[in-house]
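Remarks on the structure that follows.
The values are calculated or read from the model by the stated rules, or taken from the named source; none is laboratory data. Nothing here was measured: the structure is a model prediction, and the numbers come from that model. Positions of Cβ are generated from backbone atoms using ideal geometry, with glycine treated the same way; all protein chains shown enter the neighbour counts.
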């Protein structure tokens with residue numbers, strides 16, 4: 001009998017299935033670069049660096065070597081993932097007193113030279129490659145060099161976001177020269193965009209290795225540029241920096257172990273949200289029903305309230321990470337949720353950004369990496385070196401200037417960080433089940449929590465789990481927004497119990513990727529339709 005039609009999920013995408021390797025990122029060009037690396041004999045670590053480098057070129061406002069990165073790695077045969085913290089430190093010569101008493105600041109600005117911290121991403125790339133990579137640096141960076149040097153056609157979605165950032169780019173001469181056509185406009189959809197300076201920078205990294213960024217000629221150029229802009233970052237700041245290998249934190253949620261990177265990242269928030277939700281037995285309620293969403297929204301409010309009060313660089317945290325992971329914590333917080341009334345008074349949030357890329361890869365041997373790379377806000381600080389093509393992040397805006405707060409600014413310190421890679425393993429066998437993440441500033445723990453429940457409670461495949469409509473809650477305004485087609489009756493029910501409900505327009509629902517591993521060791525992947533993403537396998 002002839003097949004009369006194909007039936008796809010409502011999102012218009014199907015999960016991608018593969019046996020020998022699978023990658024997923026927010027840009028098809030990056031995903032293609034990752035698959036090329038796997039086919040050339042590289043492993044998942046080689047592929048992830050290749051993809052991250054291409055994303056610096058193809059999605060330049062979100063990510064790049066002027067930013068930070070975190071990763072979790074699943075090594076076949078190991079019982080738990082390993083982590084790496086590639087978030088940079090504040091400059092050793094920039095003091096709290098200078099910011100508060102000489103600059104008269106009450107918060108660190110999001111643009112300009114003051115929020116620029118040491119870029120940590122390249123060190124994370126380098127150490128991952130040094131420990132686990134198989135191919136040479138020039139092979140890994142080949143695609144990024146090609147797209148930067150010869151150009152690539154800009155997608156409509158990227159062109160739209162780029163255009164919205166034109167006013168910010170016009171504030172800085174280097175940014176105008178590097179990222180605007182004739183220093184006036186963003187590239188149009190389909191227009192070829194060339195980044196010759198960035199191509200030369202990647203060529204130097206390919207030739208000399210990642211330490212060229214911190215101790216070589218590239219470091220000298222970076223210091224010269226930043227100091228001309230008024231930064232106090234010097235050669236010792238760069239030369240003494242190194243990404244750090246870390247032990248991830250985890251919690252058992254609905255008989256699945258969820259792994260997150262610990263502070264200074266906000267992965268604990270996801271664990272807290274889900275622990276509270278499990279304590280209230282969210283599994284009793286239908287997906288995206290009023291009761292289901294009320295539990296998640298309220299759990300989010302409480303978890304972020306604790307995060308903004310206590311999470312920081314571990315050197316200054318006043319509470320133990322383990323305290324957040326106890327059943328007693330979840331029970332106490334769950335008892336504070338009224339099933340019939342929304343929490344109205346919430347502590348104010350810190351300044352959170354939204355521009356990030358999440359990507360993941362797995363190879364034929366089962367080596368997997370969950371990876372996230374970010375400039376924080378669009379084009380970071382807005383400060384760009386036209387000689388190297390590097391846009392510098394504004395992660396310093398993640399600090400607070402509130403005296404005595406654990407996240408108070410001080411020199412040689414990491415700020416509260418939004419970017420969080422995640423993995424899920426089987427509680428019974430320690431096998432990797434899912435490598436996933438959801439980008440988008442402080443939406444990340446909200447999005448991760450919803451995706452986790454889609455995978456674990458709803459049994460969705462990775463594409464459906466990432467495509468399913470989400471909610472977003474803003475801690476400052478206490479507004480909660482919903483994507484379509486969450487039922488209007490559900491929204492009305494939530495309004496009646498006090499939630500400040502809005503539609504989706506103008507709110508960030510992030511974007512993510514998932515790779516899932518089946519019992520027979522085949523892979524399936526999904527990529528978020530909210531971005532240009534694509535999962536590819538072979």
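Points to keep in mind about this one:
- The stretch 178-196: number of residues that are surrounded by 20 or more Cβ atoms within 10 Å (Cβ to Cβ) and assigned to a helix (DSSP H, G or I): 2
- Count of residues meeting criterion [surrounded by 19 or more Cβ atoms within 10 Å (Cβ to Cβ) and either in contact (Cβ under 8 Å) with a residue 24 or more places away in the chain or closer than 24 Å to residue 246 by Cα (or both)] in the stretch 281-304: 15
- Matching residues in the stretch 413-447 - criterion: being farther than 25 Å from residue 528 by Cβ and buried (at least 24 other Cβ atoms within 10 Å of the Cβ): 414, 415
- Meets criteria (in contact with a helix residue (DSSP H, G or I) (Cβ under 6 Å, 6 or more places away or on another chain) and modelled with pLDDT of 90 or more) for residue 454: yes
- Test: residue in the stretch 86-109 that is under 30 Å from residue 256 (Cα atoms) and either touching a helix residue (DSSP H, G or I) at 6+ places or on another chain (Cβ under 9 Å) or free of Cβ contacts under 8 Å to residues at least 40 places away in the same chain (or both): yes
- Inside the stretch 9-66, residues that are assigned to a loop (DSSP other than H, G, I, E, B), touching a helix residue (DSSP H, G or I) at 6+ places or on another chain (Cβ under 6 Å) and at positive phi make up a count of 1.
- Qualifying residue in the stretch 143-151 (condition: at pLDDT 95 or above, in a loop (DSSP other than H, G, I, E, B) and surrounded by 19 or more Cβ atoms within 10 Å (Cβ to Cβ)): no
- Residue ID - surrounded by the fewest Cβ atoms within 10 Å (Cβ to Cβ), chosen from residues in the stretch 457-470 that are touching a helix residue (DSSP H, G or I) at 6+ places or on another chain (Cβ under 6 Å) and closer than 18 Å to residue 297 by Cβ: 457
- Residues being part of a loop (DSSP other than H, G, I, E, B) and within 30 Å of residue 362 (Cβ to Cβ) are entirely absent from the stretch 487-497.
- Answer from 179, 208 - the residue that is modelled with pLDDT of 95 or more and under 24 Å from the mean Cα position of the chain (by Cα): 179
- Condition check for residue 261: closer than 30 Å to residue 385 by Cβ and crowded, with 17+ Cβ neighbours inside 10 Å: yes
- Looking only at the stretch 219-275, residues that are closer than 23 Å to residue 411 by Cβ and assigned to a loop (DSSP other than H, G, I, E, B) come to 14 in all.
- Residue within the stretch 245-256 that is over 28 Å from residue 72 (Cα atoms), surrounded by 22 or more Cβ atoms within 10 Å (Cβ to Cβ) and in contact with a helix residue (DSSP H, G or I) (Cβ under 7 Å, 6 or more places away or on another chain) present: no
- In the stretch 132-151, the residues that are in contact (Cβ under 8 Å) with a residue 12 or more places away in the chain reach residues that are part of a loop (DSSP other than H, G, I, E, B) and surrounded by 21 or more Cβ atoms within 10 Å (Cβ to Cβ) with C-beta atoms within less than 6 angstrom, at least six apart or across chains, in these pairs: 134/42; 134/43; 135/42; 148/195.
- Of all residues in the stretch 67-88, those that are surrounded by 22 or more Cβ atoms within 10 Å (Cβ to Cβ) and part of a loop (DSSP other than H, G, I, E, B) total 4.
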